[in-house]
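Here is the structure we will look at.
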Amino acid sequence: MDFINPHQALVVLKHIIENIQEAICVIDEKGIVVIWNEPAEKLYQLPRQEIIGKYLGEFFPNAIDLKVLESKKPVTNVYHSPREGTHIIISAAPILIGDKCIGVVSTDKDISEIRRVSLELEKATEKLNLLKGQIERLTGSSWGGIIGKSKLIQDTIEIAKRAAESKVAILITGESGTGKEVFARAIHAHSGLQGSFVPVNCSAIPKELFESEFFGYEPGAFTGAHRRGKKGLFELAHEGTLFLDEIADLPMFMQSKLLRALEEKKIKKVGGEKPINVNVRIVSATNRDLPHLVEEGKFRDDLFYRLNVIHLKLPPLRDRPEDIISLLKFFLQQACEENKKQIKNIDSEVVKILTSYNWPGNIRELKNVVENMVVLCEGEVITKDNIPVHILEAVPENIAPRKGGLEETVKHYERQLIIKALQKAAGNITQAARSLEIPRSTLYYKIEQHGIDVNNLT
């Protein structure tokens, strides 16, 4: 645009500054405000005639712009809240001519709407958790709403029960969808702690916000900080449980700060000097191999040992197929209530296919599949036609349909499992019971119940 003269260039620049969505502030080398656009007026409720020509520090003593002016280094994506309900991300960069800094330009992006949606999601999650609790009471389901009678899951529940009674840190590991947060909530519910259960997904917090999110900030800690400051996650979870999901994604600089807070049981807010006592029970979770990350230097070993006082490893659904039927019934009832459908039965072939599937997405995948089938079912019985294609393609075609409903199919499936275990153990009851992970007395009872001839297992 070399045809534009200097005057036209200034007009174009002014037009850009006034029509850009972000608030823009420009200060000179003395910190005097020279540009304050219309979005800045609206965002900070401060007319330009009141601030232009004056020192920025008179209005914002802790302004990022002034720090950048002094350091000559840019700052990006710093969070601040100038007033109730307003949330902003600010970036500032020095204006350099050679080594001389002649000013600073900053842009402030209003993320209030994003924050509002985030809060609505949090409220929806709380309502969902309340609904889960109501369903648990109505259905009389097991400890903490954890469904399953297999030895694997019952052993895991027993460890969780004992751990809940203590106040030590617990590390929950397991594949995605195995129910790590469900266990964490159950542990808190049975811990006797009077404080709140505060969950946080470590992979979802921007790097710039970690410290203020975990520890909070004092009034005036940064440009436009809320006049009352903000409580961090540690304060919110005081005398309760702080659940650190996806702990493996915690940045290294925050790992050291978290470790210090756990060891000293004290925190300092951003912009604060006074230590605050906090008493928090930490439950963390991950689907990654933390010991391997420690070996690679991507996770602090001292923090790992601090978090891993009790290790709770959740089994994948494929390792406890006998629980699939119970989960299927539960999710079916839940999906019918939520979608106002009346499904009276599930075809026996559907049950056999679902119990033969490997479930790489574990319980979460099973829940989604059941809801999918309920929504797409046009009648009162879920049939093979309602099963998602990817499951049909993954299950061998030699599954023959059987007459009868859900209970009959479950009995047949249980009988086949027992026969296979006895065949593998060459008829040895003790070995078969061990492989099925049930007491010998239970196996004897089921052999008689199903009319199985141990001497003729062909």
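The values are calculated or read from the model by the stated rules, or taken from the named source; none is laboratory data. All values derive from a computational prediction rather than experimental measurement. We place every Cβ from the backbone using ideal geometry, glycine too, and count neighbours over all the protein chains shown.
Which one of these does K313 not meet: (1) touching a Pro at 6+ places or on another chain (Cβ under 6 Å); (2) closer than 17 Å to F183 by Cβ; (3) of a type in the set (K, R)?
The one condition K313 does not meet is (1).
Quick one: in segment 77-103, of everything that is exposed (fewer than 13 other Cβ atoms within 10 Å of the Cβ) and among the small types (G, A, S), which residue is nearest to P206 (Cα to Cα)?
G85
Has segment 160-172 got any residue that is part of a loop (DSSP other than H, G, I, E, B), in the same structural domain as R306 (by TED's automatic domain parsing), in contact with a Phe, Trp or Tyr (Cβ under 9 Å, 6 or more places away or on another chain) and in contact (Cβ under 8 Å) with a residue 12 or more places away in the chain?
Restricting attention to segment 160-172, the residues satisfying the condition of being part of a loop (DSSP other than H, G, I, E, B) are 166-169.
Among the residues that remain, those that are also in the same structural domain as R306 (by TED's automatic domain parsing) are: 166-169.
From what is left, the residues that are in contact with a Phe, Trp or Tyr (Cβ under 9 Å, 6 or more places away or on another chain) are none.
No.
Which of the residues belonging to segment 279-310 are under 23 Å from the mean Cα position of the chain (by Cα) and either more than 23 Å from R260 (Cβ to Cβ) or in a loop (DSSP other than H, G, I, E, B) (or both)?
Listed by number, the residues that qualify are N279, V280, N287, R288, D289, H292, K298, F299, R300, N308, V309.
Against the definition (modelled with pLDDT under 90, polar (S, T, N, Q) and under 29 Å from K265 (Cβ atoms)), how does T173 come out, yes or no? Working first, answer last.
On the way: modelled with pLDDT under 90: no; polar (S, T, N, Q): yes; under 29 Å from K265 (Cβ atoms): yes.
It is false that T173 is modelled with pLDDT under 90, polar (S, T, N, Q) and under 29 Å from K265 (Cβ atoms).
Applying the selection to segment 43-76, what residues are loosely packed, with under 13 Cβ neighbours inside 10 Å, touching a strand residue (DSSP E or B) at 6+ places or on another chain (Cβ under 8 Å) and closer than 16 Å to A23 by Cα?
T76 - this is the single residue of segment 43-76 that is loosely packed, with under 13 Cβ neighbours inside 10 Å, touching a strand residue (DSSP E or B) at 6+ places or on another chain (Cβ under 8 Å) and closer than 16 Å to A23 by Cα.
For residues that are of a type in the set (S, T, N, Q) and in contact (Cβ under 8 Å) with a residue 12 or more places away in the chain, scanning just segment 429-458, find the one that is farthest from S150 (Cα to Cα).
First pass over segment 429-458, keeping only residues of a type in the set (S, T, N, Q): 430-431, 435, 441-442, 449, 455-456, 458.
Now drop any that are not in contact (Cβ under 8 Å) with a residue 12 or more places away in the chain, which leaves 435, 455.
Numbers: S435: 12, N455: 27 Å.
Filtering first and then ranking leaves N455.
Out of L56, L43, L10, I need the residue that is closer than 19 Å to K109 by Cβ and over 35 Å from the mean Cα position of the chain (by Cα). Which one?
L56
When you scan segment 142-159, how many residues do you find that are hydroxyl-bearing (S, T, Y) and outside any helix (DSSP H, G or I)?
The initial filter retains those residues of segment 142-159 that are hydroxyl-bearing (S, T, Y), namely 142, 150, 156.
Pick out the ones that are also outside any helix (DSSP H, G or I) and you get 142, 150.
Summing the residues that are hydroxyl-bearing (S, T, Y) and outside any helix (DSSP H, G or I) in segment 142-159 gives 2.
Within segment 279-286, does at least one residue satisfy the condition of being in contact (Cβ under 8 Å) with a residue 40 or more places away in the chain, closer than 24 Å to V75 by Cβ and not assigned by TED's automatic domain parsing to the domain that holds E84? Give the derivation first.
If we filter segment 279-286 for residues that are in contact (Cβ under 8 Å) with a residue 40 or more places away in the chain, which is where we start, we get 279-286.
Now narrow it down to the ones that are closer than 24 Å to V75 by Cβ: none.
No.
Among the residues that make up segment 119-141, is at least one of them in a strand (DSSP E or B) and either closer than 30 Å to K329 by Cα or modelled with pLDDT of 80 or more (or both)?
We begin by selecting, within segment 119-141, every residue in a strand (DSSP E or B); these are none.
Within segment 119-141 (the criterion being in a strand (DSSP E or B) and either closer than 30 Å to K329 by Cα or modelled with pLDDT of 80 or more (or both)), the answer is no, since none of the residues qualifies.
Scan segment 194-204 residue by residue and report those that are surrounded by 15 or more Cβ atoms within 10 Å (Cβ to Cβ) and either of a type in the set (G, A, S) or modelled with pLDDT under 90 (or both). Step through it out loud before you land on a result.
Going through segment 194-204, the residues surrounded by 15 or more Cβ atoms within 10 Å (Cβ to Cβ) turn out to be 195, 197-200, 202.
G195 - this is the single residue of segment 194-204 that is surrounded by 15 or more Cβ atoms within 10 Å (Cβ to Cβ) and either of a type in the set (G, A, S) or modelled with pLDDT under 90 (or both).
If we keep just the residues of segment 8-38 that are in contact with a Cys (Cβ under 7 Å, 6 or more places away or on another chain) and assigned to a strand (DSSP E or B), which is nearest to H80 (Cα to Cα)? Before the answer, list the steps.
The initial filter retains those residues of segment 8-38 that are in contact with a Cys (Cβ under 7 Å, 6 or more places away or on another chain), namely 29, 33, 35-36.
Adding the requirement that they be assigned to a strand (DSSP E or B) leaves 33, 35-36.
Values: V33: 20, I35: 21, W36: 18 Å.
Among residues in segment 8-38 that are in contact with a Cys (Cβ under 7 Å, 6 or more places away or on another chain) and assigned to a strand (DSSP E or B), the one nearest to H80 (Cα to Cα) is W36.
Taking the residues in segment 357-388 that are out of contact with any Gly (no Cβ under 9 Å at 6 or more places or on another chain) and among the polar types (S, T, N, Q) as candidates, determine which candidate is surrounded by the most Cβ atoms within 10 Å (Cβ to Cβ).
N386
With the structure loaded, tell me whether E41 is under 23 Å from S112 (Cα atoms) and assigned to a helix (DSSP H, G or I) or whether it fails that test.
Working: under 23 Å from S112 (Cα atoms): yes; assigned to a helix (DSSP H, G or I): yes.
It is true that E41 is under 23 Å from S112 (Cα atoms) and assigned to a helix (DSSP H, G or I).
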